[in-house]
Amino acid sequence: MKRKSLLLFVVMMMFASLSTINAQEKKSLIGDYLSISGWMNIQYDYERQLQNDGITLDEINTFNVRRARLDFKGNINKNLEFRVQADMAGSPKLVDGFVKIKLQKYFNIQVGQFKIPFTFENPQSPLTLEGVEYAQVISKLSGYSDMSGVKTYSGGRDVGVMIYGNFFSFERNGKQIPILTYKLGVFNGNGMNNKDANLAKDIAASIEVCPGVKGLMLATSYYDGNYYLNANEQNAIRDRLTFGGKYENGRLTVRSEYITGKTEMLDKADGVYTLDSDGFYVAGGYWFNMKSQKIRPVARYDFLRQDIENPEKNSTYYMVGIDWWPYNNLRLLVNYTVKDKPGYDNLGNLFQAQLSVKF
């Protein structure tokens, strides 16, 4: 009943708000409101992990076109904004496809397929991320390779409707800085480019607070979800909660989040049990400007407990790297990661290089 009531409220508010949009003269040329851009990630991975027998090596040595995006954005008028983003790497697919209905600073609507409002790092673009990969806990508890095994729930995106806005503000350097920003959405819970697999809907919500310290932001977000557990179409919970903070002053970036989750799973006898998982990361970097170039050293500590009651499921990654922009549209990101993985007595080593170009 809680999900149905929330969904009904969001839909009613959406249609009520549509009536407040003033009719405007259509722009006659596509170029008046449409922008087309894109970017690519070309990646190299080398990973080496010695198994516990001391002889057998698990190795990866490969080039890969990780992403090849085409991005269409536009503002039809002051109230309507849209975005259509496709990825041509591998099998072509729709990544983002949504409309924003912009009404007031405290109430706006977004409908379609987009990133769910959960965590700091999930909504962040790979072009600004310190690492080639997202943190383990983001991957496992924020919709990339979910702990539940719902593989289609990838990219941190889903299809649904969201309301968002901000309240209160203070002025700094001639700009209005919002003190409180909220997002509340209802989603299928089955990942991007997929219809719902059950009759229930998932809820995601976030609150961000700027306490008045320049560059500092604190946030919490919650995900109330479910999925089909087995062929009998039995629903199982997939709930997530996160707390985090970040600080950015133009040069220094520091970000950290703690995420905890409960996921109902099947055991070998088809019995249902609850898997408690959690993890956190601390990531940062510092920009050095050299004429037209930018470069920053980056680092991340990344810890995940896939099963809190089983320490053998713990894994810790230590990453260092260099983020270099020799030109505004060209980026080289190099990461070296030491992996302390469950089930191995030896540390794993991962080297990654990613060349990104924007056009």
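The values are calculated or read from the model by the stated rules, or taken from the named source; none is laboratory data. Computed from a predicted model, the values in this text were never measured in an experiment. Quick reminder, even Gly has a Cβ in these numbers, built from the backbone with ideal geometry, and neighbours come from all protein chains shown.
Descriptive notes on the structure:
- Of the residues MET147, MET162, the single one that is aliphatic (A, V, I, L, M), in contact with a Leu (Cβ under 8 Å, 6 or more places away or on another chain) and outside any loop (DSSP other than H, G, I, E, B) is MET162.
- Residues of segment 34-72 satisfying the condition of being among the acidic types (Asp, Glu) and within 22 Å of ARG83 (Cβ to Cβ): ASP71
- Condition met for LYS140 (within 16 Å of the chain's Cα centre (by Cα) and assigned to a helix (DSSP H, G or I)): yes
- Residue list for segment 45-73, filter: β-branched (Val, Ile, Thr) and either touching a helix residue (DSSP H, G or I) at 6+ places or on another chain (Cβ under 6 Å) or closer than 16 Å to ASN349 by Cβ (or both): THR56, ILE60, THR62
- If the condition is being aliphatic (A, V, I, L, M) and within 19 Å of the chain's Cα centre (by Cα), then segment 247-297 contributes VAL254, ILE259, VAL282, ALA283.
- Checked against (1) part of a strand (DSSP E or B); (2) touching a Ser or Thr at 6+ places or on another chain (Cβ under 6 Å), SER356 meets all criteria but (2).
- Checked against the criterion of being farther than 18 Å from ASN193 by Cα and either basic (Lys, Arg) or surrounded by 21 or more Cβ atoms within 10 Å (Cβ to Cβ) (or both), the candidates LYS102, LYS115 yield just one match: LYS102.
- For segment 272-306, filtered to residues that are polar (S, T, N, Q) and surrounded by fewer than 20 Cβ atoms within 10 Å (Cβ to Cβ), the residue that is nearest to GLU248 (Cα to Cα) is ASN289.
- Under the condition of being more than 20 Å from VAL137 (Cα to Cα) and part of a strand (DSSP E or B), the residues counted in segment 310-331 number 8.
- The residue that is surrounded by the most Cβ atoms within 10 Å (Cβ to Cβ), among those in segment 122-136 that are of a type in the set (S, T, N, Q) and part of a loop (DSSP other than H, G, I, E, B), is ASN122.
- Filtered residues of segment 163-198 (kept if aliphatic (A, V, I, L, M) and touching a residue at least 60 places away in the same chain (Cβ under 8 Å)): ILE163, LEU184, VAL186, MET192
- All positions within segment 51-71 that are among the polar types (S, T, N, Q) and either part of a strand (DSSP E or B) or within 20 Å of the chain's Cα centre (by Cα) (or both): ASN61, THR62, ASN64
- Only one of PHE82, PHE63 that is buried (at least 16 other Cβ atoms within 10 Å of the Cβ) and either at pLDDT 95 or above or not acidic (Asp, Glu) (or both): PHE82
- Of the residues making up segment 72-111, those that are part of a strand (DSSP E or B) and farther than 19 Å from SER37 by Cβ are LEU80, ILE101, LYS102, LEU103, GLN104, PHE107, ASN108, ILE109, GLN110, VAL111.
- Qualifying residue in segment 143-160 (condition: within 30 Å of TRP287 (Cβ to Cβ) and over 17 Å from the mean Cα position of the chain (by Cα)): no
- Looking across segment 36-60 at every residue that is of a type in the set (Ser, Thr, Tyr) and surrounded by 12 or more Cβ atoms within 10 Å (Cβ to Cβ), the one that is farthest from LYS93 (Cα to Cα) is identified as TYR46.
- From the options TYR144, TYR153, residue that is crowded, with 21+ Cβ neighbours inside 10 Å and at pLDDT below 80: TYR153
- Scope segment 167-199; condition among the hydrophobic types (A, V, I, L, M, F, W, C), closer than 20 Å to LYS100 by Cβ and either under 16 Å from the mean Cα position of the chain (by Cα) or surrounded by fewer than 19 Cβ atoms within 10 Å (Cβ to Cβ) (or both); matching residues: PHE167, LEU180, LEU184, PHE187, MET192
- Here GLY97 meets each of (1) surrounded by fewer than 21 Cβ atoms within 10 Å (Cβ to Cβ); (2) over 24 Å from GLY189 (Cα atoms); (3) touching a residue at least 12 places away in the same chain (Cβ under 8 Å) with one exception, condition (2).
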